[in-house]
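Comments concern the structure below.
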Amino acid sequence: MRIGELAKRTGCDVETIRFYEKSGLLDEPVRTVSGYREYQGVHLERLQFIRHCRSLQLGLQDIRTLLDLQAKPSAGCEHVNALLDQHIAAIQAQMAALRTLETQLFNLRHKCNKPHSIEECGILQNLADGVVHA
């Protein structure tokens, strides 16, 4: 199949497929006599794997690590577990930071509960109070 068909079947942009090839995540396909890339089922499976990993917000280095581990089917999976545990911890840290941000925004929002003029706006006054002047 050509790159357009691969893109259509995976829901992946053509430029992204080329990027994955250049970064070594996706093997370059053989070329036809006329110079077109000819993708096979293994490319489709690999790209679907990469896309699924990306949907879980795994980074390219982590995906590369998982692909390397996948190439050693008889090895133990403790490295896969460790990688996922690290990713889970990072997501939990992000969620905690977002909850803190949400609380700050709610507190800021409550500084102005009724319509006022801009000059009396508690939100803008509070934001201005946080400005450090040089």
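At-a-glance table
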| read-out | value |
| --- | --- |
| Percentage relative contact order, the chain, counting C-alpha pairs under 8 Å, at least six apart | 14 percent |
| Electrostatic dipole magnitude of the chain [Cβ: Lys, Arg +1; Asp, Glu -1; Cα centre; debye, to 20] | 320 debye |
| Viscosity 1.306 mPa s, temperature 10 °C, Stokes-Einstein D of the stretch 78-134 from Kirkwood C-alpha radius, µm²/s | 111 µm²/s |
| In the stretch 70-134, the trypsin sites (Lys or Arg not before Pro) that fall in loop regions by DSSP, at most 13 other Cβ within 10 Å | Lys111 |
| Among Asn113, Gly11, Met1 the positive-end extreme of the charge dipole of the chain (Cβ point charges) | Met1 |
| Loop-resident sites, the stretch 1-65, for chymotrypsin sites (Phe, Trp or Tyr not before Pro), counting at most 14 other Cβ within 10 Å (DSSP) | Tyr36 |
| Footprinting exposure proxy for Cys112, Cys53 (fewest neighbouring C-beta atoms within 10 Å first) | Cys112, Cys53 |
| Per-residue HN-Hα couplings for the stretch 101-110 [Karplus 6.51, -1.76, 1.60; θ = phi - 60°; Hz; x = Gly/Pro] | 4, 4, 4, 4, 5, 4, 4, 5, 4, 6 |
| Radius, Kirkwood style, for the chain when every pair of distinct Cα atoms is counted (Å) | 19.2 Å |
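Values in this text are rule-based calculations from the coordinates and carry no lab data. All of these numbers come straight from a predicted model, not from anything done at the bench. Reconstructed Cβ throughout: ideal geometry from the backbone, glycine too, with neighbour counts over all protein chains shown.
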